[in-house]
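The values are calculated or read from the model by the stated rules, or taken from the named source; none is laboratory data. No experiment lies behind these values; they were computed from the predicted model shown. Cβ placement follows ideal geometry from the backbone for every residue including glycine, while neighbour counts extend to all protein chains displayed.
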Amino acid sequence: MLVTVVGAGGVGGYFGGRLVQAGVDVTFVARGAQLAALKAHGLRVRSARGDFMVPVRATDDLASSGAADYVLVTVKSFDTDRVASVLGPLVGDDTAVVSLQNGVDNEERLAAVLGDDRVIGGAAYIFATIAEPGVIDHTGGPASLVVGEWRGGASRRVASLVEAFRAAGVTADDSSNIRAVLWSKFAFICAQAGVTAAVRLPIGEIRSQPAGRDLFRNLAAEVCAVAAAEGIDLPADLPEQTLTFADALGPGGRSSLHNDLVHGRPMELDALMGEVIRRGNHRRVDVPTTRAVYGVLQPWAARARRSQQT
């Protein structure tokens, strides 16, 4: 099995590193200080599930990598269109492109360039980040995956990918309805990211307050309302399920959106709350809590973009 990981950040570094640890042939596509560190020192992962360090193959030249069996796309959602446009050298006749990103439109954008039959959707349940170049911190979450054909149904290639991850010690499952899985995760991500970034406190302090719990629940409920209007069948009690899941997290947990905000990095705000608002407008579903949180965070996202451009 040949795997190329495009985006060697928290998610790509952790799951790609686990595959390397299990003996899978993996190439990481990275850039800047992360690329230099991976080439010089390999990949180090610090995790409650066991720290490890592995030598890795890393490059910034997609053409040199050649076609892979699986291309794992783990870049931030605002880079999806750019990445989709340059994946050609990695895609052979039987290549599957697997999105392990936040949001519900990444697979759509990949499929618009590559075709529905090329794309596997994926939901990664993990909090992980680059602690320093070449070092990934797995800070929370179950570190599990659910993957499935974007066009629906089952396939041998999805089953083979699940088998590879399980052999690497990763909890992995397949789904014949990956769109519903992605929307279920989206409800949690929008709530968790929205409250921790807007309040700028860890989830333990937010969930301990009735108003904080209501804010979390309302954000998740608005995502579910938009999903229903999109024809996605989700459990009626999903907002409560997401809150129960949040209750089980370590009290110090935050989100990548919060981390990007406080470090002045580009934020996935438009792929999260922005996407809920856009689809809500299209389906005529009112999402007032999401709009309020977006209004709080959007000036920070704009500041980060301006900073990156200067």
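Set side by side, the residues SER47, SER65, SER85 differ, and just one is more than 21 Å from HIS138 (Cα to Cα), surrounded by fewer than 21 Cβ atoms within 10 Å (Cβ to Cβ), touching a strand residue (DSSP E or B) at 6+ places or on another chain (Cβ under 8 Å) and of a type outside the set (Lys, Arg), which is SER65. Checking the stated criteria, ARG213 turns out not to satisfy the condition of being at pLDDT 95 or above, surrounded by 18 or more Cβ atoms within 10 Å (Cβ to Cβ), charged (D, E, K, R) and assigned to a helix (DSSP H, G or I).
Kindly evaluate GLY231 against the criterion of being touching a residue at least 40 places away in the same chain (Cβ under 8 Å) and not assigned by TED's automatic domain parsing to the domain that holds THR139.
No: the conditions fail for GLY231.
For PRO142, the conditions (1) out of contact with any Leu (no Cβ under 9 Å at 6 or more places or on another chain); (2) farther than 18 Å from GLY103 by Cα; (3) at pLDDT 95 or above are fulfilled apart from (3). When LYS185 is tested against (1) in a loop (DSSP other than H, G, I, E, B); (2) among the charged types (D, E, K, R); (3) outside the structural domain of SER85 (by TED's automatic domain parsing), exactly one condition is not met: (1). Just one of the numbered conditions (1) in contact with a Gly (Cβ under 9 Å, 6 or more places away or on another chain); (2) surrounded by fewer than 18 Cβ atoms within 10 Å (Cβ to Cβ); (3) of a type in the set (S, T, N, Q) is not true of SER160: (1). LEU72 fulfils the conditions (1) under 27 Å from LEU272 (Cα atoms); (2) assigned to a helix (DSSP H, G or I) except for a single criterion, (2).
Number of residues in the stretch 119-147 that are under 15 Å from the mean Cα position of the chain (by Cα) and free of Cβ contacts under 8 Å to residues at least 60 places away in the same chain equals 6.
In this structure, ARG166 does not satisfy being under 27 Å from THR129 (Cβ atoms), outside the structural domain of LEU100 (by TED's automatic domain parsing) and surrounded by fewer than 23 Cβ atoms within 10 Å (Cβ to Cβ). Of the residues making up the stretch 246-273, those that are assigned to a helix (DSSP H, G or I) and either touching a strand residue (DSSP E or B) at 6+ places or on another chain (Cβ under 8 Å) or crowded, with 18+ Cβ neighbours inside 10 Å (or both) are ALA246, SER256, LEU257, HIS258, ASN259, ASP260, LEU261, MET273. A single member of LEU100, LEU87 is of a type in the set (A, V, I, L, M), at pLDDT 95 or above and touching a Ser or Thr at 6+ places or on another chain (Cβ under 7 Å), and it is LEU100.
Can you name every residue in the stretch 263-292 that is under 20 Å from the mean Cα position of the chain (by Cα), among the aliphatic types (A, V, I, L, M) and farther than 20 Å from ILE126 by Cα? Residues satisfying the conditions are VAL276, ILE277.
Entry remark, the stretch 257-280: residues being among the small types (Gly, Ala, Ser), in contact (Cβ under 8 Å) with a residue 40 or more places away in the chain and within 18 Å of ASP105 (Cα to Cα) number 2 in total.
Hey, any hits in the stretch 128-137 for a residue that's out of contact with any Phe, Trp or Tyr (no Cβ under 9 Å at 6 or more places or on another chain), farther than 30 Å from ALA33 by Cβ and not polar (S, T, N, Q)? So far as the stretch 128-137 goes, no, none of its residues is out of contact with any Phe, Trp or Tyr (no Cβ under 9 Å at 6 or more places or on another chain), farther than 30 Å from ALA33 by Cβ and not polar (S, T, N, Q).
Which one is surrounded by the most Cβ atoms within 10 Å (Cβ to Cβ), of the residues in the stretch 148-157 that are in contact (Cβ under 8 Å) with a residue 24 or more places away in the chain and in contact with a Ser or Thr (Cβ under 8 Å, 6 or more places away or on another chain)?
From the stretch 148-157, those in contact (Cβ under 8 Å) with a residue 24 or more places away in the chain are 148-152, 157; that's our starting set.
Still in the list and also in contact with a Ser or Thr (Cβ under 8 Å, 6 or more places away or on another chain): 148-149, 152.
Working: GLY148: 25, GLU149: 21, GLY152: 14.
Going through the qualifying residues, I end up with GLY148.
Once the stretch 89-103 is narrowed to residues that are farther than 15 Å from ILE120 by Cβ and touching a helix residue (DSSP H, G or I) at 6+ places or on another chain (Cβ under 8 Å), the residue that is surrounded by the fewest Cβ atoms within 10 Å (Cβ to Cβ) is PRO89.
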